[in-house]
Amino acid sequence: MKAAEKRINEVRGRVLVRHEGHTPRERSACGWRDRLISVEDASFSPAAWAHAVDIEDSKLHYHKRSTEIYYVLEGGGTLMLDGVPHEVKKGSLAHIPPGVVHGARGRMRVLVLGIPDIASDDYFEAETK
């Protein structure tokens with residue numbers, strides 16, 4: 001990593017600046033995600049974690065601990081929330097409390113804020129009937 005990029009990703013006190021393309025990218029249950037604020041930042045106690053996720057037909061799941069806020073950056077489709085379909089498009093926002101079974105159909109890029117986090121130990125696939 002170049003010195004300038006390293007400075008971009010530095011945390012000073014409580015301030016954190018990240019740029020897409022300079023963060024870890026990985027496969028997740030919902031698609032591909034860029035971890036903008038995530039597990040590697042836990043020692044700084046961020047108020048929320050943030051991932052930019054390329055969703056393509058994610059599985060229905062829920063979280064026991066975390067609230068998620070989805071903000072659609074690009075694309076669109078249907079967000080299922082406890083079995084109720086909600087059409088979403090660029091600029092749509094959804095607040096998803098713990099326990100709400102959710103998933104998305106379609107192709108979209110979504111900023112996902114996880115409060116207090118987005119962690120693999122808080123991902124539970126929904127039972128299908």
Gain on full stretching of the segment that runs from residue 29 to residue 42 - 0.36 nm per residue minus C-alpha separation
2.6 nm
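With all pairs of different alpha carbon atoms counted, what Kirkwood hydrodynamic radius in Å does the chain show?
After inverting the pairwise mean of 1/r, the radius is 15.2 Å.
Multiply the residue gap between residue 90 and residue 71 by 0.36 nm, knock off their C-alpha separation, and tell me the result in nm, one decimal place. Before the final figure, lay out the partial values.
On the way: separation 19, 0.36 × 19 = 6.84 nm, distance 0.80 nm.
Once the chain is fully extended between residue 90 and residue 71, it gains 6.0 nm.
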First select every other residue whose beta carbon is under 10 angstrom from the beta carbon of residue 107; then total the charges, Lys and Arg +1, Asp and Glu -1.
-2
The distance between the Cα centres of region 78-92 and region 20-37, in whole Å, is 22 Å
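No value in this document is a laboratory result; all are computed from the given coordinates. As the structure is a prediction and not an experimental result, all values here were calculated from the model. Neighbour counts run over all protein chains shown; Cβ positions are idealised from the backbone, glycine included.
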